[in-house]
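Colleague: Can you read through this structure? Questions will come right after.
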Amino acid sequence: MSDYTRLHTLIKASAGLTSGAYRDLVEEASKAKELFAAINDHYKALAEGRQIRPTFGNEMQILYMRDRQTFTFMLFPELLPLSYQIGKVIGAAYIAPSLTGTNLKELLESNVRIAPEHKYGRQEIVKVTDNEAIYRTYECADCYGLPNIGLKICVYESGTAAGAFEAKLGKKVEVVEEKCCANGDQYCEFRISVLDEKAVLQEGTPK
Ligand SMILES: [Zn+2]
């Protein structure tokens, strides 16, 4: 067996472990207080119109970030579930505090306003009830224009959405990307499910 194949086996195993040990992952991440504080300050800078980098500010061409993500997932699709879990931690820490509302409909309406503001994409709500919703992203920064590589790669989007809604609702939330431009679709489509389980994540960065 080549090293490449072994690596796949190892990553696949760790992805399975991560979802099983999600509580541990959240606890481990919460130890990185300095990191959370720094990124928190970056979001504050964004809200106040302050630049993080003195010369170039906060914006850059998307291709570099997206190329490294696309090739990472293409070569190691086993990382997708792992990245989704990490996205949930990010969503609870940084997206949840900027959302308003007390039920899924209000929170989703508040959330879809962020994507065009950040030039991530244009989002549209297809359906929303108390515990389930479907929304789409058009011109997604992660995958628009890519050929069909047989993968739905916008796991950071689904992860951050799941983490943000979970922290806000106090119930476990899962989001699955069901359509993706990298999987032959014209847009990305996500299904949100609110489960009857207590949330693991809390809103905001660890104190
Ligand atoms: Zn996508």
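The values are calculated or read from the model by the stated rules, or taken from the named source; none is laboratory data. As the structure is a computational prediction, the values presented were derived from the model and not from experiment. FYI the Cβ positions are ideal-geometry reconstructions off the backbone, even for glycines, and counts take in every protein chain you see.
Colleague: So which of 203, 178, 174 is closer than 26 Å to residue 58 by Cα, surrounded by fewer than 24 Cβ atoms within 10 Å (Cβ to Cβ) and among the acidic types (Asp, Glu)?
Modeller: Sole residue among the options that is closer than 26 Å to residue 58 by Cα, surrounded by fewer than 24 Cβ atoms within 10 Å (Cβ to Cβ) and among the acidic types (Asp, Glu): 203.
Yes or no, residue by residue, for (1) surrounded by 18 or more Cβ atoms within 10 Å (Cβ to Cβ); (2) in contact with a strand residue (DSSP E or B) (Cβ under 8 Å, 6 or more places away or on another chain); (3) at pLDDT 95 or above:
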{"position": "25", "(1), (2), (3)": "yes, no, no"}
{"position": "36", "(1), (2), (3)": "yes, no, no"}
{"position": "46", "(1), (2), (3)": "no, no, no"}
{"position": "59", "(1), (2), (3)": "no, no, no"}
{"position": "65", "(1), (2), (3)": "no, no, no"}
{"position": "72", "(1), (2), (3)": "no, no, yes"}
{"position": "82", "(1), (2), (3)": "yes, no, no"}
{"position": "89", "(1), (2), (3)": "yes, no, no"}
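Colleague: Can you find a residue in the stretch 140-152 that is closer than 25 Å to residue 43 by Cα, β-branched (Val, Ile, Thr) and either at pLDDT below 95 or surrounded by 15 or more Cβ atoms within 10 Å (Cβ to Cβ) (or both)?
Modeller: To start, the set of residues in the stretch 140-152 that are closer than 25 Å to residue 43 by Cα comprises 140-143.
Keeping just the survivors that are β-branched (Val, Ile, Thr) gives none.
So far as the stretch 140-152 goes, no, none of its residues is closer than 25 Å to residue 43 by Cα, β-branched (Val, Ile, Thr) and either at pLDDT below 95 or surrounded by 15 or more Cβ atoms within 10 Å (Cβ to Cβ) (or both).
Colleague: Is it fair to say residue 115 is closer than 23 Å to residue 40 by Cα, free of Cβ contacts under 8 Å to residues at least 60 places away in the same chain, within 16 Å of the ligand (Cβ to nearest atom) and in contact with a strand residue (DSSP E or B) (Cβ under 8 Å, 6 or more places away or on another chain)?
Modeller: yes
Colleague: Taking the criterion of being within 12 Å of the ligand (Cβ to nearest atom) and touching a residue at least 12 places away in the same chain (Cβ under 8 Å), would at least one residue in the stretch 157-172 satisfy it?
Modeller: yes
Colleague: To continue, here is another question. Between 4, 43, which is of a type in the set (Ser, Thr, Tyr), assigned to a helix (DSSP H, G or I) and under 19 Å from the mean Cα position of the chain (by Cα)?
Modeller: One residue alone meets the criteria, 43.
Colleague: Same structure again: Can you work out which of the residues in the stretch 181-199 that are away from the ligand (no atom under 16 Å from the Cβ) and surrounded by 18 or more Cβ atoms within 10 Å (Cβ to Cβ) is farthest from residue 82 (Cα to Cα)? Reasoning before the result, please.
Modeller: Let us first name the residues in the stretch 181-199 that are away from the ligand (no atom under 16 Å from the Cβ), namely 193-199.
Now restrict to residues that are surrounded by 18 or more Cβ atoms within 10 Å (Cβ to Cβ): 194, 199.
Working: 194: 20, 199: 18 Å.
Taking the candidates together, the pick is 194.
Colleague: Filter the stretch 115-136 down to the residues that are over 12 Å from residue 191 (Cα atoms) and surrounded by 15 or more Cβ atoms within 10 Å (Cβ to Cβ) and list them by number. Break it down into steps so the answer makes sense when it comes.
Modeller: Residues of the stretch 115-136 over 12 Å from residue 191 (Cα atoms): 115-124, 130.
Answer for the stretch 115-136, where residues must be over 12 Å from residue 191 (Cα atoms) and surrounded by 15 or more Cβ atoms within 10 Å (Cβ to Cβ): 115, 120, 121, 123.
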